[in-house]
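Step one of this worksheet: look at the structure below.
The values are calculated or read from the model by the stated rules, or taken from the named source; none is laboratory data. These numbers were taken from a predicted model, which means no experiment stands behind them. Here Cβ is always computed from backbone atoms with ideal geometry, including for glycine, and neighbour counts include all displayed protein chains.
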């Protein structure tokens, strides 16, 4: 089978691999689609994702496909089932797992990060992280359940009320998803701030969000204004902007993944005076079912956000930064015919 392998830092290579053999508790998935995200860019550049990726490794932690084989101990899946896989595999034994915070697991294993993932024609995953896809959800849409689940976990950390106004800073794929989920959860008004006129117009057209071009008109984001501010960029300037934009009693969610060495300045008096809650968020503990339900109901629709469909040969164009203007890129492995 064909596999796209990270063989070294900043080097991807298409290789012929043997089809993996399932262990008793595993499912073999014939990959249909595999999403590419900022984490893959980081791993390609030698930076950590949810964990460190050690070459040679097959990336691809966002994926969908069809069950091709099941291990002897698998009970809930059969050959031919349409599935998506939560990449994060928890140890269930460490302090954080035993205190209901598995996302902080000290021994986190992850499909497409620490073990081979969806950038190959077939991959394996433990049954516990495999999920059935409803009939009305395409394999293409199901390939991005993982980023939806990360956005859903982030929103779960907020205290939401219908009267609230929300600002999402960052028009990347996750920022756009978070805006949709905030709307689905009943927030009165959602504003999306970004740097791409095309993305902002697309979101205004499909989802009715207010939009601000944060590159051209940053002063349009007024200080002390929003009940909820989600920073989905990961840069010091937008992190500082998020704290400024929050109203009294506001909540600031730091979603964007910054450089490990980056810091930002915060006016501690304003945090005190405005009684702000500043919250971090990490991966997606047990939010796959909610994310599948959001897709099934139509409350979240990722398809208008997918801008680029790639093959293995062009993935490096994206993760190296050569491919510009991307809203969301996914890799067609077998497609809907998997």
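Some values worked out for this structure:
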| quantity | calculated |
| --- | --- |
| Test for residue 155: is it over 15 Å from residue 254 (Cα atoms) and buried (at least 23 other Cβ atoms within 10 Å of the Cβ) | no |
| Residue in segment 212-228 that is under 19 Å from the mean Cα position of the chain (by Cα), over 22 Å from residue 308 (Cα atoms) and not in a loop (DSSP other than H, G, I, E, B) present | no |
| Count - residues of segment 145-172 that are touching a strand residue (DSSP E or B) at 6+ places or on another chain (Cβ under 7 Å) and closer than 16 Å to residue 86 by Cβ | 4 |
| Check on residue 34, out of contact with any helix residue (DSSP H, G or I) (no Cβ under 7 Å at 6 or more places or on another chain), within 22 Å of residue 257 (Cβ to Cβ) and either surrounded by 15 or more Cβ atoms within 10 Å (Cβ to Cβ) or not assigned by TED's automatic domain parsing to the domain that holds residue 307 (or both) | yes |
| Unique residue being without any contact (Cβ under 8 Å) to a residue 24 or more places away in the chain, surrounded by fewer than 23 Cβ atoms within 10 Å (Cβ to Cβ) and in contact with a strand residue (DSSP E or B) (Cβ under 7 Å, 6 or more places away or on another chain) when the list is 183, 219, 210 | 210 |
| Subset tally (residues that are in a helix (DSSP H, G or I), out of contact with any strand residue (DSSP E or B) (no Cβ under 6 Å at 6 or more places or on another chain) and either touching a residue at least 60 places away in the same chain (Cβ under 8 Å) or closer than 27 Å to residue 207 by Cα (or both)) for segment 316-334 | 1 |
| Condition check for residue 161: closer than 20 Å to residue 294 by Cα, modelled with pLDDT of 95 or more and more than 23 Å from the chain's Cα centre (by Cα) | yes |
| Scope segment 21-72; condition closer than 14 Å to residue 116 by Cα and assigned to a loop (DSSP other than H, G, I, E, B); matching residues | 21, 22, 51, 52, 53, 54, 55, 56, 58, 59, 60, 61 |
| Cβ-Cβ under 6 Å pairs, at least 6 apart or on other chains, segment 37-55 side farther than 19 Å from residue 109 by Cβ, far side crowded, with 22+ Cβ neighbours inside 10 Å and at pLDDT 90 or above | 41/319; 44/319 |
| Selected residue (criterion: surrounded by the fewest Cβ atoms within 10 Å (Cβ to Cβ)) from residues of segment 73-89 that are touching a helix residue (DSSP H, G or I) at 6+ places or on another chain (Cβ under 7 Å) and part of a loop (DSSP other than H, G, I, E, B) | 76 |
| Those residues of segment 260-309 which are over 22 Å from residue 143 (Cβ atoms), surrounded by fewer than 16 Cβ atoms within 10 Å (Cβ to Cβ) and either in contact with a strand residue (DSSP E or B) (Cβ under 6 Å, 6 or more places away or on another chain) or touching a residue at least 40 places away in the same chain (Cβ under 8 Å) (or both), in sequence order | 260, 275, 279, 280 |
| Total residues in segment 90-110, condition part of a strand (DSSP E or B) and surrounded by fewer than 20 Cβ atoms within 10 Å (Cβ to Cβ) | 1 |
| Unique residue being modelled with pLDDT of 95 or more and more than 30 Å from residue 278 (Cβ to Cβ) when the list is 141, 184 | 141 |
| Among (1) over 24 Å from residue 284 (Cβ atoms); (2) buried (at least 19 other Cβ atoms within 10 Å of the Cβ) - the single one residue 55 does not satisfy | (2) |
